[in-house]
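First up is the structure itself, then whatever we jot down about it.
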């Protein structure tokens with residue numbers, strides 16, 4: 001047991017530094033990496049060899065390139081749409097639809113917010129939804145409803161976290177994505193219900209509409225994950241509810257509510273992503289260039305980062321040419337997040353290939369699926385909350401699951417992916433964005449932090465119970 005605690009001490013150190021001592025994630029991740037290297041060289045795990053070091057370097061670099069290849073273009077896209085005030089234009093457009101409050105909530109929580117967040121990530125949906133919801137309801141309710149709308153986290157940034165989770169778990173992305181959609185189903189329904197309750201909706205009809213709308217959302221999310229992959233599943237799930245909402249608005253008003261002209265980059269991004277998926281499915285061109293590590297591989301052409309780069313470059317050329325590219329802003333906004341992800345990936349790979357997780361995996365093997373599911377849900381929810389990232393949560397916990405191939409390992413991986421994503425929903429980085437957009441007072445900030453932690457606790461509990469039910473049936 002002493003050896004187990006020593007081997008897990010790098011992860012414990014990261015959690016303590018972030019959660020209790022309020023260290024920035026990049027500094028906490030660096031401390032974790034330094035500690036795990038120190039322990040490795042002092043024989044606290046497997047011996048240090050050239051072969052294991054080579055594996056660590058190769059796999060870390062491949063996974064980092066696959067992550068940075070989406071995060072950096074994604075941040076560039078975010079900066080460009082913010083400069084053009086695109087999220088504000090979308091919020092104004094929704095406000096002009098003339099919805100009743102229940103319809104507004106359902107349209108935003110399961111339609112607009114997932115659509116925007118799945119396309120770009122980084123909390124961009126909040127830029128549109130926070131001012132809109134605070135205008136529709138009181139300040140506290142608006143901020144809390146906006147936070148509840150971050151339901152799509154495991155599929156944010158074009159499914160990046162699920163793609164990385166699949167690499168770490170050695171699973172096809174389609175398989176992990178579709179199973180995660182089923183595990184997350186109760187979370188989607190519950191958070192939308194909380195949003196309705198916060199909006200003061202007590203009549204029966206909106207709650208029946210919630211079941212119908214969430215059924216469409218979940219059905220599309222599961223189907224697209226299964227047959228296409230995580231990249232566009234969150235986008236199309238949100239888009240399906242958006243289209244349904246606009247169709248209903250057309251029947252009520254007799255005319256279409258046209259998408260705001262300023263928001264053309266989102267339509268362009270959607271078109272490029274979907275078109276590229278169709279082309280690659282028909283031709284297989286995405287497999288013509290593959291970067292391979294020891295245990296993982298990455299197809300750069302299939303990465304959603306390519307679509308983000310193309311649309312971002314077109315936006316720049318349409319405005320001021322390449323001189324208008326936000327190099328400085330991109331550097332300052334991306335340096336810490338990119339460095340943090342690299343350090344978390346390095347930490348996870350040293351722990352996996354350095355033998356630090358052997359004792360943990362032996363302990364997990366002694367648990368049955370029914371008892372293992374809630375343990376992994378709690379660990380993953382905490383990891384997502386602490387790191388503020390679904391990717392960060394997956395890199396900390398998913399490697400321990402990859403060795404548990406007992407026939408149901410995919411369900412365990414899905415539990416980790418969903419719990420980490422729904423735990424990251426209430427992280428301090430998300431809360432700071434909401435409070436900044438709302439110019440929240442200290443009292444409002446504390447209230448939102450308590451509410452966010454309650455949501456993380458509830459989400460983790462829901463995923464844990466879902467896991468127990470799944471393994472009880474299997």
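The values are calculated or read from the model by the stated rules, or taken from the named source; none is laboratory data. Being a predicted model, the structure only gives us computed values, none of them experimental. Here the Cβ is made from the backbone with ideal geometry for all residues, glycine too, and neighbour counts use every protein chain on show.
The table for this structure:
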read-out	value
Qualifying helices (runs of 4 or more DSSP H) (wholly inside region 76-191; at least 2 residues being surrounded by fewer than 22 Cβ atoms within 10 Å (Cβ to Cβ))	86-95, 101-107, 124-136, 139-148
Tally, over region 241-294, of residues that are within 30 Å of residue 55 (Cα to Cα) and assigned to a helix (DSSP H, G or I)	4
Criterion violated by residue 224 - all others in (1) surrounded by 17 or more Cβ atoms within 10 Å (Cβ to Cβ); (2) touching a residue at least 24 places away in the same chain (Cβ under 8 Å) satisfied	(2)
Evaluation of residue 238 against (1) crowded, with 21+ Cβ neighbours inside 10 Å; (2) farther than 21 Å from residue 199 by Cα; (3) within 17 Å of the chain's Cα centre (by Cα) (one fails), failing number	(2)
Condition broken by residue 413, with the remaining ones in (1) under 20 Å from residue 121 (Cα atoms); (2) in contact (Cβ under 8 Å) with a residue 40 or more places away in the chain; (3) assigned to a helix (DSSP H, G or I); (4) under 20 Å from the mean Cα position of the chain (by Cα) satisfied	(1)
Only one of 153, 134 that is within 14 Å of residue 108 (Cα to Cα) and at pLDDT below 90	134
Hey, residue 363 touching a strand residue (DSSP E or B) at 6+ places or on another chain (Cβ under 9 Å) and in contact (Cβ under 8 Å) with a residue 60 or more places away in the chain or not	no
Filter pass, residue 257 being over 23 Å from residue 300 (Cα atoms), touching a helix residue (DSSP H, G or I) at 6+ places or on another chain (Cβ under 9 Å) and modelled with pLDDT of 80 or more	no
In region 94-107, residue farthest from the chain's Cα centre (by Cα) [restricted to those that are under 20 Å from residue 438 (Cα atoms) and at pLDDT below 80]	95
Hey, residue 199 farther than 17 Å from residue 380 by Cβ and touching a helix residue (DSSP H, G or I) at 6+ places or on another chain (Cβ under 7 Å) or not	yes
Any hit, region 338-349, residues being at positive phi, buried (at least 21 other Cβ atoms within 10 Å of the Cβ) and in contact (Cβ under 8 Å) with a residue 12 or more places away in the chain	no
Condition check for residue 291: within 30 Å of residue 168 (Cβ to Cβ), touching a helix residue (DSSP H, G or I) at 6+ places or on another chain (Cβ under 6 Å), at pLDDT 75 or above and buried (at least 17 other Cβ atoms within 10 Å of the Cβ)	no
Residues of region 351-391 satisfying the condition of being crowded, with 20+ Cβ neighbours inside 10 Å, at negative phi and not in a helix (DSSP H, G or I)	354, 356, 357, 389
Total residues in region 1-25, condition within 23 Å of the chain's Cα centre (by Cα), in a loop (DSSP other than H, G, I, E, B) and either free of Cβ contacts under 8 Å to residues at least 40 places away in the same chain or crowded, with 20+ Cβ neighbours inside 10 Å (or both)	2
Residue in region 325-333 that is under 28 Å from residue 398 (Cβ atoms) and assigned to a helix (DSSP H, G or I) present	yes
Any hit, region 422-433, residues being more than 20 Å from residue 127 (Cα to Cα) and either outside any loop (DSSP other than H, G, I, E, B) or modelled with pLDDT under 95 (or both)	yes
